[in-house]
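S.K.: Below is a structure I'd like to ask you about.
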Amino acid sequence: MSHNPIRPWRNIERRKCRQIRVGNVLVGGDAPIAVQTMTNTPTEDAAATIAQIKACAEAGADIVRVSCPTEESTAAFRQIARESPVPLVADIHFHYKRGVEAADAGAACLRINPGNIGSEARVREVVAAARANGCSIRIGVNGGSLERHLLEKYGEPCPDAMVESALDHARILDDLGFHDYKISVKASDMFLTVAAYQLLAEATDAPLHLGITEAGGLRTGTVKSSIGMGSLLWAGIGDTIRVSLSADPVEEVKVGYEMLKSLGLRTRGVNIVACPSCARQGFDVISTVEILEQRLAHISEPISLSIIGCVVNGPGEAALTDLGFTGGGKDAGKMFVNGRADHNVSNADMVEHIVKLVEQRAEAMRAAREAEEGVPAE
């Protein structure tokens with residue numbers, strides 16, 4: 001739950017659901033909403049896949065999905081799972097044996113599509129392998145691969161068809177006494193996706209994995225995903241998310257975190273509040289923010305930073321952030337610390353000075369956390 005007693009209009013009441021485990025990551029219940037992405041390297045190339053997983057984890061991915069379409073890929077998956085810093089979901093389509101192999105090879109979760117996996121007997125085999133290896137399962141319904149009988153019944157992919165598919169498959173798992181599953185009902189149509197999730201949220205207490213599938217490139221996909229997934233998250237629906245972009249998986253992670261940060265559902269890294277800039281600006285706001293985003297990308301501690309071009313809105317925004325810089329005259333501006341005006345900084349020194357202050361603050365937060373947890377600081 002995102003709870004703010006001072007500003008109640010910002011509160012989000014999360015949908016109540018049961019909790020499952022994906023490796024060491026809790027999903028559902030009161031656990032933080034997990035950010036996922038998916039590798040796009042050939043899974044058979046274990047070294048390349050491991051490198052991409054580590055880059056995604058560095059960006060903040062809690063869980064990474066890896067496609068396992070072939071016997072060679074599930075063979076490589078064993079090494080990949082062993083070296084991965086985060087739990088892995090094995091993506092299984094068409095061939096149920098890949099699911100059995102992936103579970104045995106160290107997958108923390110198996111993603112199966114009821115429209116593709118085949119008969120109930122095959123699902124039983126996959127469930128048995130999942131249970132034996134402590135795997136959870138994601139029931140992944142996709143608007144583009146619904147079962148034929150549902151398309152005949154409803155005429156086209158629609159919210160009712162997608163939810164019926166999901167619940168039919170969930171019933172199979174429930175009948176087998178397997179309840180460690182989450183569900184997704186994704187489509188490339190944003191309206192269809194949102195409506196399906198709204199229906200599903202009322203129909204089950206399983207955790208829900210959100211996504212707008214095949215959303216598009218970095219800009220269009222980010223906008224589409226933010227509108228669709230953002231509206232669901234704002235309504236309290238969703239326990240884990242994946243932003244599907246035709247872009248580097250690291251970008252998916254960044255967008256996912258920004259989405260959650262903007263809703264107050266997760267805090268990670270530096271949250272930069274910046275003005276769009278205008279003729280009043282005392283420095284080049286746009287290029288400064290671009291540089292700071294790059295220079296501060298390695299910071300994982302939640303720190304708010306305002307970069308405002310002039311004194312019209314600068315002091316007010318800085319009063320609400322941990323650190324702030326407001327443009328002034330004579331090639332200098334005012335640095336704010338903990339919401340209060342603190343000292344002047346020249347525009348020429350501004351970027352290096354801000355980076356230094358953010359890094360110092362992050363280090364102090366890290367040391368305080370380690371002291372609280374009883375872990376010695378490095």
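S.K.: Within the range 109-133, can you find the residues that are within 17 Å of I63 (Cβ to Cβ), touching a residue at least 40 places away in the same chain (Cβ under 8 Å) and open to solvent by 10 Å² or more (accessible area, probe 1.4 Å)?
M.R.: R111
S.K.: Now a separate question. Find the residue count for the range 137-167, including only residues that are acidic (D, E), surrounded by 15 or more Cβ atoms within 10 Å (Cβ to Cβ) and assigned to a helix (DSSP H, G or I).
M.R.: The qualifying residues number 1.
S.K.: Further question: Every residue in the range 174-194 that is open to solvent by less than 10 Å² (accessible area, probe 1.4 Å) and assigned to a helix (DSSP H, G or I), please.
M.R.: T193
S.K.: Go through the range 341-378 residue by residue and tally those that are basic (K, R) and at pLDDT below 95.
M.R.: 2
S.K.: Just name the residue that is farthest from the chain's Cα centre (by Cα) out of those in the range 195-222 that are charged (D, E, K, R) and part of a helix (DSSP H, G or I).
M.R.: Once the filter is applied, the top-ranked residue is E202.
S.K.: If A362 satisfies all but one of (1) open to solvent by 10 Å² or more (accessible area, probe 1.4 Å); (2) over 17 Å from T288 (Cα atoms), what's the number of the condition it fails?
M.R.: Looking at each condition in turn, A362 falls short on (1).
S.K.: Go through A76, A51, A61 for me and flag whichever is among the small types (G, A, S), out of contact with any helix residue (DSSP H, G or I) (no Cβ under 9 Å at 6 or more places or on another chain) and within 25 Å of V250 (Cβ to Cβ).
M.R.: Within the list A76, A51, A61, the selection yields A51.
S.K.: Which one is modelled with the lowest pLDDT, of the residues in the range 133-167 that are acidic (D, E) and under 15 Å from N113 (Cβ atoms)?
M.R.: Per the stated criteria, the residue is E147.
Okay, residues lined up against (1) out of contact with any helix residue (DSSP H, G or I) (no Cβ under 7 Å at 6 or more places or on another chain); (2) on the phi > 0 side of the Ramachandran plot:
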{"position": "G155", "(1), (2)": "yes, yes"}
{"position": "E164", "(1), (2)": "no, no"}
{"position": "I172", "(1), (2)": "no, no"}
{"position": "V185", "(1), (2)": "no, no"}
{"position": "M190", "(1), (2)": "no, no"}
{"position": "E202", "(1), (2)": "yes, no"}
{"position": "A206", "(1), (2)": "no, no"}
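S.K.: On the given criteria, is P5 open to solvent by 10 Å² or more (accessible area, probe 1.4 Å) and free of Cβ contacts under 8 Å to residues at least 12 places away in the same chain?
M.R.: yes
S.K.: Looking only at the range 137-156, filter to residues that are over 26 Å from the mean Cα position of the chain (by Cα) and of a type outside the set (D, E, K, R); which one of those is farthest from T193 (Cα to Cα)?
M.R.: So the residue we want is H149.
S.K.: In the range 60-94, how many are under 23 Å from R21 (Cβ atoms) and open to solvent by less than 40 Å² (accessible area, probe 1.4 Å)?
M.R.: Count: 21.
S.K.: Please list, ordered by first then second residue, the pairs with beta carbon atoms under 8 Å, 6 or more apart or interchain, first in the range 258-271 and modelled with pLDDT under 90, second among the acidic types (D, E) and surrounded by 17 or more Cβ atoms within 10 Å (Cβ to Cβ).
M.R.: Partner pairs satisfying both residue conditions: G269/E301.
S.K.: Continuing with this model, one more query. Among the residues of the range 182-194 satisfying the criterion of being of a type in the set (S, T, N, Q) and modelled with pLDDT of 95 or more, which is nearest to the chain's Cα centre (by Cα)?
M.R.: This residue is S184.
S.K.: Mind checking which helices (runs of 4 or more DSSP H) fall wholly inside the range 45-133 and carry at least 3 residues that are within 25 Å of L146 (Cα to Cα)?
M.R.: Because the criterion is at least 3 residues that are within 25 Å of L146 (Cα to Cα), the helices (runs of 4 or more DSSP H) in the range 45-133 that meet it are 96-105, 114-117, 120-133.
S.K.: Looking at the range 20-43, is at least one residue at pLDDT 95 or above, of a type in the set (A, V, I, L, M), open to solvent by 20 Å² or more (accessible area, probe 1.4 Å) and more than 24 Å from H179 (Cβ to Cβ)?
M.R.: Taking every residue of the range 20-43 in turn, at least one turns out to be at pLDDT 95 or above, of a type in the set (A, V, I, L, M), open to solvent by 20 Å² or more (accessible area, probe 1.4 Å) and more than 24 Å from H179 (Cβ to Cβ).
S.K.: Between A201, A274, which is among the hydrophobic types (A, V, I, L, M, F, W, C) and under 26 Å from E164 (Cβ atoms)?
M.R.: On inspection, the qualifying residue turns out to be A201.
S.K.: Sticking with this one: Filter the range 12-33 down to the residues that are under 16 Å from L232 (Cβ atoms) and of a type outside the set (A, V, I, L, M, F, W, C), then identify the one that is nearest to the chain's Cα centre (by Cα).
M.R.: G28
S.K.: To continue, here is another question. Find all pairs meeting these conditions: Cβ atoms under 8 angstrom apart; at least six residues apart or on different chains; first residue within the range 195-208 and modelled with pLDDT of 95 or more and open to solvent by 10 Å² or more (accessible area, probe 1.4 Å); second residue assigned to a helix (DSSP H, G or I) and β-branched (V, I, T).
M.R.: What qualifies is L199/V163; A203/V163.
S.K.: Consider G256 against the criteria (1) under 26 Å from V141 (Cα atoms); (2) in a helix (DSSP H, G or I); (3) in contact with a helix residue (DSSP H, G or I) (Cβ under 8 Å, 6 or more places away or on another chain): it satisfies all of them except one. Which criterion is unmet?
M.R.: (3)
The values are calculated or read from the model by the stated rules, or taken from the named source; none is laboratory data. Please read these numbers as outputs of a predicted model, since none were measured by experiment. Note that each Cβ is placed from the backbone with ideal geometry, even for glycine, and that neighbours are counted across all protein chains shown. Accessible surface is based on the protein model in full, side chains and every heavy atom, while ligands, DNA and RNA are left aside. Shrake-Rupley method; radii C 1.70, N 1.55, O 1.52, S 1.80 Å.
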